[in-house]
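Any read-out appearing in this document is the output of simple, stated calculations on the displayed coordinates, not a laboratory observation. The structure displayed is predicted, hence computed values, not measured ones. We place every Cβ from the backbone using ideal geometry, glycine too, and count neighbours over all the protein chains shown.
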Amino acid sequence: MPPVKHYAAITEPEALGSSFRAIHSYKGTLIVRAALQFTPLVFQRPGQIRRAAWEQFDLKGGLWVCPAAMVKGKLERKRSGPPHLVPLSRQAVSILRDLYILTGPTGYVFPSRKAGVPISDGAINAALRTLGYSGQEMTGHGFRATARTLIRERLGYDKEVVERHLAHSSDEELGDAYDRTQFIEQCTKMAQDWADYLDRLAIGLVDGISVDATRQAPLLVATKSDEGISESISI
């Protein structure tokens with residue numbers, strides 16, 4: 001079995017609030033900015049996010065139906081397994097609705113300038129570097145560890161619910177219809193609670209206590225387009 005790879009992640013609430021403010025002030029292209037804002041809300045693998053297609057989304061129902069082939073797992077499950085259901089918070093849906101005007105209604109949600117190609121696998125990390133975060137401080141994949149830690153520690157959700165949202169198999173490999181329905185309801189509530197928690201951190205509320213929201217990571221304004229996408233839209 002290959003060794004588990006650990007990705008840099010922020011797991012301290014005040015520091016996360018600072019990073020969330022930095023993310024929302026990102027001055028790069030609209031598409032990369034949207035992907036950067038979307039990633040911590042859904043905390044799926046970067047590869048899934050960059051290859052997400054509009055046909056997989058039900059914005060009215062607030063759901064991303066991610067094909068099994070896009071999800072990391074055993075080959076048999078990728079070939080014939082059920083899709084991974086990712087409930088979307090109101091905040092995530094809002095980001096997608098704004099982006100739909102530019103990149104919808106079909107194809108990649110986060111495309112590059114080259115036709116039929118999504119943003120690169122390094123786009124999110126490059127954006128984080130632009131915001132002043134080194135690879136030892138934060139990564140796109142690290143948002144999974146961030147959410148996994150704080151949702152359990154600060155929001156009190158059971159491990160199994162968080163693991164299901166992360167597309168990690170349960171110990172019992174549960175997969176019947178009742179099980180999926182049960183967890184989708186819990187994951188839907190968790191996704192919204194997590195998005196609301198991030199919003200509170202962004203305005204300086206940590207466990208209900210106000211902190212100085214002006215202390216945030218150093219920002220460097222991007223001087224050239226990520227992925228070579230022309231910035232024709234004001235942001």
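Let me check I've understood the local charge: for Ser89, count other residues with C-beta under 12 angstrom from its C-beta, Lys and Arg +1, Asp and Glu -1. What total comes out?
It works out to a net charge of -1.
Just to check I understand the Karplus step: with θ = phi - 60° and J = 6.51 cos²θ - 1.76 cosθ + 1.60, what whole-Hz values come out for region 50-63, glycine and proline as x?
Residue by residue, region 50-63 yields 5, 9, 4, 10, 4, 5, 8, 10, 10, 5, 5, x, x, 9 Hz.
Got a sec? How would Trp194, Trp54 order by Cβ neighbour count within 10 Å, fewest to most?
Going from sparsest to densest Cβ surroundings: Trp54, Trp194.
Search the structure for amide H atoms under 5 Å from the amide H of Ala53, placed 1.01 Å from N in the peptide plane, and list their residues when 5 or more places away or on another chain.
Hits under the 5 Å cutoff: Val109.
What number comes out for the charge environment of Asp58, summing +1 per Lys or Arg and -1 per Asp or Glu over other residues with Cβ under 15 Å away?
Counting the neighbours of Asp58, the net charge comes to +2.
Evaluate the relative contact order of region 13-203 (contact order divided by residue number), counting alpha-carbon pairs under 8 angstrom at least 6 apart; express in whole percent.
With pairs under 8 Å counted, the relative contact order is 29 percent.
Sorted from fewest to most neighbouring beta carbons within 10 Å, what does the list Val71, Val206 look like?
Val206, Val71
Just subtract the alpha-carbon distance of Arg152 and Ala53 from 0.36 nm times their residue separation and send over the number in nm, one decimal.
32.7 nm
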